[in-house]
Amino acid sequence: MLLYALRRFGLALLILIVAVTVMFLMIRAVPGDPVQIMLGPRATPELQARLTAELALDQPIWKQLVIFYGNLLQGDLGIDVFSGRSVTDIVFQQLPHTLWLILGSIIWSATLGIGLGAYAAAHPNTLIDRITAAISVSFVAAPAFVVALLSLLVFAVHLQWFPAIGAGEGFWDRLNHLVLPAFAIGLSWVGYIARLVRASMLEVMGESHIRTARAFGINERRVVLVYALRIAILPVVTVIGVGMGFLLSSAVFAEIVFARPGLGKLVIDSITTRNYPIVMGSVLISTGLFVVSTALADLINAWLDPRARTAH
Amino acid sequence: MKIEWTKAPVGRRNFLKGATALGAAAALPMGLGGRAMAAEGGTLRVRSYGDLQSIDPAFSKGVIDEEIHASIYNKLIQYKPGREWDWQMDAAAMIEQGDETHIKFALRDDIGFTNGFGAMTAEDVKYSFERIVADETESPNKPDMGPLSHVEVTGEREGTIVLKEPFAPLWSIALPYITGNIVSKKAWEAAGGKATTDPLAESGPYLRDSWSPKEKTVLKRNPDWKGDAPAWDTIEILPIDDENTAEIAFEAGELDFTRVSLGSVQRYRDGVPNGGTLLEYPSLYYTWLGMNLDHPKLQNKKLRQAIQHAIDVPSVLEAAYFGAVDPSTGIIAPGLAGNRPQSLVPPQADFAKAAELLAESGETNVTLKLDTLNKTTFTTAAQVIQATLAQIGITVEVNVLESGAFWASADNEDLQLVLNRYSMTPDPYYATSWFITDQIGHWNWEQFSNEEFDKIHTEASQLTDQAKRDELYRRAQDVMEESGAYRFLTHEATPVVHSAGVVPALRPDGLALLRYFGKA
């Protein structure tokens, strides 16, 4: 298991380096003078020249990349050219908002999705199963931005149950502000997970050990929840791990629509203003999150199912 | 399928139980019915379209920072809220123009800086103004101070602003806007001459209580403020870049004041939710279609004039701005010296005349590229222009660009037609400054170069006679239009909504002067 974990995290590190390098090259390939965009139309030539040198934009790209990784190895993500604040501080100030949003979405979508999927699998080809299927497919098909806007209009404007914007202050207020955005980006995952769990459970329910359990007269509820569900849930762990990337991208628009602070909004703002240090800092952290969560999902799977350790 | 279960300290059953419990806990509707309306409790909640970037007036990026600066610092004079551009005293107890290059001032004696930095003195004014124009500061806002030479300190609270040459925008831009904010010399020097995002010393009616990046800036009443008491205990400024989100937040009772989208104006004209009010102000922005005079395809003046006459401005505005704005007559907005009552080319298209001009030009099979920003308003406007130009046989290919690429167009040698929009401060000098010959390669994308225009730009900025300025700037726009390189579209508009409990204090272009906001 230890060897597998080391191998898996080695691969994660390699993916991270490739992704960050590609992003570094891409952001420098987009048109537009970053210094001019950052400083605006009236910056003095001296200031423009100084910032160009500070950002090493007067150096060849390969050298800029070497400088970037050199600084990174010393834990230095640079300075935000607008505010003069440390990029590390800025990124880590925004990161918790995004993590809470993703975590909230995963928790509620996984809980409801697993429940729906398990219930449908326990009652295959019944009316309940068909209704569950219709609900699941509708959830999968509902575009997250439409759900976000509709939920805002219904629950924030009309019913005024939940706040429309911001992230709140204090634990309970933050949780309250989390409900609508987490609902919006998690809804399609409910359907997806429900379909996944249903298919997986139906497969497991046909296995010999389930038949054996039934033959021993074990209560059907126990057979479904204990014997079938905990095996059928395995693919969900992988999906959630990989889904981190999708949820990160969903978080971008959720942060815009709900005017929430967060990493996604930070990246978008930084790309439009060509704020290279912030872009690279944010991309590094979000890519890191993605590869780590994928690796963790693989490790959990390997822990639950030892065959996975030798499958690659 | 056969699964081998492994032993683990955390049982899978417990793992599932825990996850389910956590999910259920997160789904509880904690906030049901517990939300107060925004204006209660002495807190005013307003939307800003961006977040604070610098607390230093020398490095302020514009109105977003200035909304905060104007509340926590003082200027000699401030803009006067209302529908007409005017100023009123702020930190100055007296200010007068001695001659064209000398402005005497005396400070009030009851303004002090926080953090123990003492009373505001003329030395602070000198330091604040001179550091903006000092080369070593490298302030992007230096042009706003124009030809400032220095400030003479003649007493503890008295001094004279000395200009190298007359500069009319001193009263409309330099003193009442960003560069006019007076900071504490002692505080700034103690911090090495520069501030980032934390105030070093404040003096205004409000103090910056906290700043959560991308989330909120909170201003609290300054307990030591001796001027007219501000109406609100607290002002929360929420950065929301999307106007539709801001509208939803307003309708949900979470904002007291916000600019709204032009697309929503008609809806709000029919009634603003929660007893609120819609106010419609003109804007200082100017939008136009530019033609690159250096491009081989646009060398023919008759062709350019044909394009001018073939663009139907009302149709563009109806489609792109929902008919909520008026056509413009140039780059200088109504209410400012130099605003023309009408343009040389009427806003309505004259297809017969356009076709005639095109025939006179001798150009056939004309195909042009129109660059525009990737914003719905501009892409819609570009499509209408494309359709109207097609009526005289000119084919337009719309080239939609992301903001970074678009704003780098000064380097784009293939730039042909461009749909553009610049922001403004309330002096015509600011508008003409981008179209002088020196700006070619920077912000003069049409490569427009005209001696008379350049001369007017310099002369008019030094005139204090408003009637003469008016005449000169009108002529400057005639010159622009006569070149055939410009089709002026609109100054846009600033529709804002406010809740029932708020009396907003706005500049004539609808921007907020937060320190003067009142309660209904």
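Across segment A:110-122, computed HN-Hα scalar couplings (Karplus, 6.51 cos²θ - 1.76 cosθ + 1.60, θ = phi - 60°) run 5, 4, 6, x, 5, x, 5, x, 5, 5, 5, 5, 6 Hz from first to last residue, x flagging Gly and Pro.
Mean per-residue shielding of peptide A:163-173 is 5, counting Cβ atoms of other chains within 10 Å of each Cβ. Taking amide hydrogens as placed 1.01 Å from N in the peptide plane, the amide H of residue B:399 sits under 5 Å from those of B:370, B:371, B:372, each at least 5 positions away in sequence or on another chain. Over what distance in Å are the Cα centres of segment A:188-267 and segment B:159-178 separated? Cα centres, segment A:188-267 to segment B:159-178: 66 Å.
Listed by chain and number, the lysines placed with their C-alpha closer than 16 angstrom to that of residue B:186 are B:126, B:194; residues fewer than eight positions away on the same chain are left out. For the protein assembly as shown, the carbon plus sulfur part of the accessible surface works out to 58%, probe radius 1.4 Å. Per residue, chain B exposes 39 Å² of solvent-accessible protein surface, assessed with a 1.4 angstrom probe and all protein chains in place. Summing Cβ point charges (Lys, Arg +1; Asp, Glu -1) relative to the Cα centre of segment B:318-427 gives a dipole of roughly 320 debye. Taking the DSSP bridge list for the protein assembly as shown and keeping only pairs wholly inside it, about 75 percent are antiparallel.
Cut-off under 24 Å on the C-alpha distance; same-chain residues fewer than 8 positions from residue B:375 excluded. Which lysines are left, in chain and number order? Qualifying lysines at Cα under 24 Å: A:265, B:61, B:214.
How would you classify chain B from its alpha-carbon gyration tensor, with a ≥ b ≥ c the square roots of the eigenvalues: rounded for a/c under 1.5, else prolate if a/b is greater than b/c, otherwise oblate? Because a/c hits 1.5 or more and a/b fails to exceed b/c, chain B counts as oblate.
Database remark: amide H of residue B:518 closer than 5 angstrom to the amide H of B:503, B:505 (H placed geometrically; neighbours at sequence offset of 5 or more, or on other chains; Pro and chain starts carry no H). Look at the Cα gyration tensor of segment B:316-383: its axes a ≥ b ≥ c give a/c of at least 1.5 with a/b at or below b/c, and that counts as oblate. Per residue of B:240-249, other chain Cβ atoms within 10 Å of the residue Cβ number 5 on average.
Could you tell me which of rounded, prolate or oblate describes the protein assembly as shown, using a ≥ b ≥ c as the square roots of the eigenvalues of the alpha-carbon gyration tensor, with rounded for a/c under 1.5 and, failing that, prolate when a/b is larger than b/c and oblate otherwise? Cα axes put the protein assembly as shown in the prolate bin. Highest mean first, the peptides B:133-140, A:290-297 sorted by other C-beta atoms within 10 Å per residue fall in the order A:290-297, B:133-140.
The values are calculated or read from the model by the stated rules, or taken from the named source; none is laboratory data. Small disclaimer: the values here were computed from a predicted structure and weren't measured. Note that we place each Cβ from the backbone using ideal geometry, even for glycine, and neighbour counts take in every protein chain shown. Please note that ligands, DNA and RNA were not included when accessible areas were found on the heavy atoms of the full protein model with its side chains. Shrake-Rupley method; radii C 1.70, N 1.55, O 1.52, S 1.80 Å.
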